[in-house]
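The values are calculated or read from the model by the stated rules, or taken from the named source; none is laboratory data. Values in this document were obtained by computation on a predicted structure and should not be read as measured data. Methodologically, a virtual Cβ is constructed for each residue, glycine included, from the backbone with ideal geometry; neighbour enumeration extends over all protein chains shown.
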Amino acid sequence: MRTVGVEEELLLVDTGSGEPAAVAPRLSGATELELELQREQIEIGSSPVKGLAELRTELRALRRSAAQQAASVGAAVAAVGTAPGPVEATTTDKARYHRMIERFAVIAEDQLTCGCHVHVEVEDDEEGVAVLDRIRIWLPVLLALSANSPFWQGTDTRYASFRNQAWNRWPGAGPTDIFGTAGSYHAAVQALTSSETLLDDGMIYFDARLSGSYPTVEVRIADVCLHVDDAVLLAALSRGLVETAVHEWRANLSPPEVRTELLQVATWRASRSGLSADLLSPLTLRPVPAPVAVGELVEHIARALDGLGDLTEVHELVTALLARGNGAAAQRAAYSRRGRVEDVLSDAVDATIAT
């Protein structure tokens, strides 16, 4: 069984003012926490696991541990894709990050966003690229499910995932063409880094890529999920997509020939409305109700999910998410009570560590 792991970026919140708190360097002694570009966020990451129950338990423990570490300096953690209120982010004091600020200016200065990255084990780069070529049409649905960033600088952007819009300003971000072979993939990465625009291959910000650190495909399109169960669902769907793609590759089934421009449109629609309006069907590239697109995804990978023992749980998690709504819906519900972004963060802090 393929292992799966999840990395989550979390916003740090001052428990007194309710505003983002630039305290990440003060938490760096915690081995499970990683510093990010901005001092108002941290990253946690699970170990590679095989079972969804094990993943859920570990993510809950990691979130609680991060919350305890943050509490030691008067802060809390919130699983939100962007800071809901006004914020002027501050850069972590690392040479690479300062180079990013110098080169990319306001794009880097404003980049206080929190995503969720799912790592799924692959045998080698050839298998990994075969996966990338075959999962690309399904990634916008993952974005819609995870969308958790409707607010930006105190304003409702009317996007479900404005993080995706902010993130895709980076060069090297977004959907990719069909590569065909590992050699073609690595040649594309080499061309991008040789352009002397990206600092290095760590800035290959494709919606899904080969990990530079692990023998995995890394699905990067999603917002950080408000609820642990939604992160577990994202991991299960990502692993199901990888398993299905490998089966198709070994059966000599070609990847769908969908133009990258259409994937950009599908991603934009997922970012704009999340689950609250039509998405583009990955099968027809025509608008369908969001639950229909989600159903197409689950049906596409149902055989793999069944083989992994995940099918029943995925059905339950999808049903719960569609009934409850994604993080964007929760943030707007919190804001609607009194029109205060402080309520958005307060609710998010509670939900982040809820069991």
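Report whether or not GLY18 is modelled with pLDDT under 95, out of contact with any Cys (no Cβ under 6 Å at 6 or more places or on another chain), more than 29 Å from PRO215 (Cα to Cα) and of a type outside the set (Asp, Glu). Before you say what the answer is, go through the steps one by one.
On the way: modelled with pLDDT under 95: yes; out of contact with any Cys (no Cβ under 6 Å at 6 or more places or on another chain): yes; more than 29 Å from PRO215 (Cα to Cα): yes; of a type outside the set (Asp, Glu): yes.
So GLY18 fits the description; yes.
List the residue pairs whose Cβ atoms are under 9 Å apart, where the first residue sits in the range 94-110 and is exposed (fewer than 15 other Cβ atoms within 10 Å of the Cβ), the second is part of a helix (DSSP H, G or I), and the two are 6 or more positions apart or on different chains.
If the second residue must be part of a helix (DSSP H, G or I), the pairs left are ARG96/GLY202; GLU102/ALA108.
Checking GLY274 against (1) surrounded by fewer than 22 Cβ atoms within 10 Å (Cβ to Cβ); (2) at positive phi: exactly one of these is not met. Which one?
The single condition GLY274 does not satisfy is (1).
Do we have VAL228 as within 22 Å of the chain's Cα centre (by Cα), buried (at least 17 other Cβ atoms within 10 Å of the Cβ), within 23 Å of THR3 (Cβ to Cβ) and among the hydrophobic types (A, V, I, L, M, F, W, C) here? Talk me through it step by step, then tell me what you get.
Working: within 22 Å of the chain's Cα centre (by Cα): yes; buried (at least 17 other Cβ atoms within 10 Å of the Cβ): yes; within 23 Å of THR3 (Cβ to Cβ): yes; among the hydrophobic types (A, V, I, L, M, F, W, C): yes.
Considered against the rule, which asks whether it is within 22 Å of the chain's Cα centre (by Cα), buried (at least 17 other Cβ atoms within 10 Å of the Cβ), within 23 Å of THR3 (Cβ to Cβ) and among the hydrophobic types (A, V, I, L, M, F, W, C), VAL228 comes out as yes.
Pick out, from the range 110-173, the helices (runs of 4 or more DSSP H) lying fully within it that include 2 or more residues that are more than 26 Å from VAL80 (Cβ to Cβ). Reasoning before the result, please.
Values: elements: 125-135, 139-146, 162-167.
Output list reads 125-135.
For the condition free of Cβ contacts under 8 Å to residues at least 12 places away in the same chain and of a type in the set (D, E, K, R), what is the one hit in ARG286, ARG272, ARG303? Spell out the reasoning first.
Working: ARG272 fails: free of Cβ contacts under 8 Å to residues at least 12 places away in the same chain; ARG303 fails: free of Cβ contacts under 8 Å to residues at least 12 places away in the same chain.
After applying the criteria, what remains is ARG286.
Could you please give the count of residues in the range 244-265 that are over 26 Å from ARG2 (Cβ atoms) and either surrounded by 21 or more Cβ atoms within 10 Å (Cβ to Cβ) or not β-branched (Val, Ile, Thr) (or both)? Before you say what the answer is, go through the steps one by one.
So the first thing to find is which residues in the range 244-265 are over 26 Å from ARG2 (Cβ atoms), and the list is 257, 259-262, 264-265.
This time we only want the ones that are either surrounded by 21 or more Cβ atoms within 10 Å (Cβ to Cβ) or not β-branched (Val, Ile, Thr) (or both), so: 257, 259, 261-262, 264.
Residues flagged as over 26 Å from ARG2 (Cβ atoms) and either surrounded by 21 or more Cβ atoms within 10 Å (Cβ to Cβ) or not β-branched (Val, Ile, Thr) (or both) within the range 244-265 amount to 5.
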